[in-house]
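To start, the structure itself, in structure tokens.
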Amino acid sequence: MTENSTPDLRVSIGGLKLRNPVMTASGTFGYGDEYAEFVDLNRLGAIVVKGLSLRPRQGNPPPRIVETPAGMLNAIGLQNIGINAFIKKKLPFLRQLRTPVIANFFGDSIGEYVRAAEKLDNTDGIHALEMNISCPNKQAGWSIFGTDPKVTFKVVTEVRQAVDKPLIVKLSPNVTDISIMARAAEDAGADAISAINTITGMVIDIKSRKPRLANTTGGLSGPAIRPVAVRMVWECYRAVSIPVIGMGGIVSAEDAVEFMLAGAAAVAVGTGNFIRPGITIDVIEGIRSYMKSSCIRSMRELTGAAQC
């Protein structure tokens, strides 16, 4: 690679072609249009929209967000407008973009997962599906989809048989061994894995002696979780042959490169969008600069290149 050469940032995630490896993490970028005045959406690798369910959800009662050292806890509870409203009100805007749209979705049962996936799979303007089996602030019982490998295999298998578009499975970090969950998702037919979702945490107000979240616990995100996320991406990369999308506390290009060296084929920026709305563009340009200065020609040379 010569000094004036331009690095090739293109990546393929389960057959989905992206112009660069930087996408938005579900739940931190709304439905895309909310950030249009801050970010050139056509420069992103992909837009992952807020998690969608068959019917609208109000989510958990407030307070639902609390700041923590180097991060934040959230217990939004998957509030969303529902798939039908998304298709009618939000998707027309997204269809105008050149950037691929990935629809994050979830259900309270295997049947709901399948029906939600089928509806999204049959909708023009959606290029891939991200299956959320890992929300840490839902009520007890729901977490079994992302913490029991047998249940993970079953629900992913059912969805895989129902859809044709690339299927990404978003894994929970709240497990003993994430590599087991990654292999279960791969064996069930997932085209890629997202790692990681937020880590379950809790904050107590020492004056009232009560939790600061109405839900008691919530999902910890931000730079505080990055070392854990990098480790889990590395474990997933070694365990499976499908692409891994790394996320968890990325607030700079250096953070993104760290994930890629650990094995991520692409990355998603989450809490960083709240700190600086245009951060995704900075990350893209920073990755390009790093590759150029390091004489790296393509993303394939960067993914998994850590000397561990």
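For the stretch 254-265, does any single residue satisfy the condition of being closer than 18 Å to Gly45 by Cα and surrounded by fewer than 18 Cβ atoms within 10 Å (Cβ to Cβ)?
So far as the stretch 254-265 goes, yes, one or more of its residues are closer than 18 Å to Gly45 by Cα and surrounded by fewer than 18 Cβ atoms within 10 Å (Cβ to Cβ).
In the set Thr198, Thr303, which member is farther than 17 Å from Glu130 by Cβ and in contact (Cβ under 8 Å) with a residue 24 or more places away in the chain?
Details: Thr198 fails: farther than 17 Å from Glu130 by Cβ.
Within the list Thr198, Thr303, the selection yields Thr303.
Mind listing whichever residues of the stretch 139-190 are touching a Gly at 6+ places or on another chain (Cβ under 6 Å) and assigned to a loop (DSSP other than H, G, I, E, B)?
Residues satisfying the conditions are Pro166, Ser172.
Is there a residue in the stretch 53-61 that is under 20 Å from the mean Cα position of the chain (by Cα) and within 27 Å of Pro227 (Cα to Cα)?
no
Mind checking which residues of the stretch 189-231 are over 21 Å from Ala264 (Cβ atoms) and in contact with a Ser or Thr (Cβ under 6 Å, 6 or more places away or on another chain)?
Thr200, Met202, Thr217
Consider only pairs whose beta carbons are under 9 Å apart and that are at least six residues apart or on different chains; among these, list those whose first residue lies in the stretch 251-276 and is under 16 Å from Arg19 (Cβ atoms) and whose second residue is basic (Lys, Arg).
So the pair list comes out as Ala265/Arg300.
Just to confirm my filter: which strands (runs of 3 or more DSSP E) fall fully inside the stretch 21-134 and include at least 3 residues that are crowded, with 19+ Cβ neighbours inside 10 Å?
22-24, 47-52, 71-74, 101-105, 128-132
What pairs can you find where one residue is in the stretch 85-101 and touching a residue at least 40 places away in the same chain (Cβ under 8 Å), the other is in a helix (DSSP H, G or I), and their Cβ atoms are less than 7 Å apart, with a gap of 6+ or different chains?
Within 7 Å, the pairs are Lys90/Asp33; Phe93/Asp33; Leu97/Leu41; Leu97/Asn42; Arg98/Asn42; Thr99/Leu41; Thr99/Asn42; Val101/Leu94.
Right, Gly141: modelled with pLDDT under 95, out of contact with any Asp or Glu (no Cβ under 8 Å at 6 or more places or on another chain) and surrounded by fewer than 19 Cβ atoms within 10 Å (Cβ to Cβ) or not?
Against the criterion (modelled with pLDDT under 95, out of contact with any Asp or Glu (no Cβ under 8 Å at 6 or more places or on another chain) and surrounded by fewer than 19 Cβ atoms within 10 Å (Cβ to Cβ)), Gly141 qualifies.
I'm told Ala239 meets every condition in (1) in contact with a Ser or Thr (Cβ under 7 Å, 6 or more places away or on another chain); (2) in contact (Cβ under 8 Å) with a residue 40 or more places away in the chain; (3) farther than 24 Å from Arg183 by Cα; (4) not β-branched (Val, Ile, Thr) except one. Can you identify the failing condition by its number?
It fails just one condition, (3).
Test Ala116 against the criterion of being among the aliphatic types (A, V, I, L, M) and in contact with a Lys or Arg (Cβ under 7 Å, 6 or more places away or on another chain), and give yes or no.
When the stated conditions are applied, Ala116 does not pass them.
Picking from Leu54, Leu91, Leu78, which residue would you name as being in contact with a strand residue (DSSP E or B) (Cβ under 8 Å, 6 or more places away or on another chain) and at pLDDT 95 or above?
Going through Leu54, Leu91, Leu78 in turn, just one is in contact with a strand residue (DSSP E or B) (Cβ under 8 Å, 6 or more places away or on another chain) and at pLDDT 95 or above: Leu91.
The values are calculated or read from the model by the stated rules, or taken from the named source; none is laboratory data. No experiment lies behind these values; they were computed from the predicted model shown. Glycine also receives a Cβ, built like all others from the backbone with ideal geometry; neighbour counts cover every protein chain displayed.
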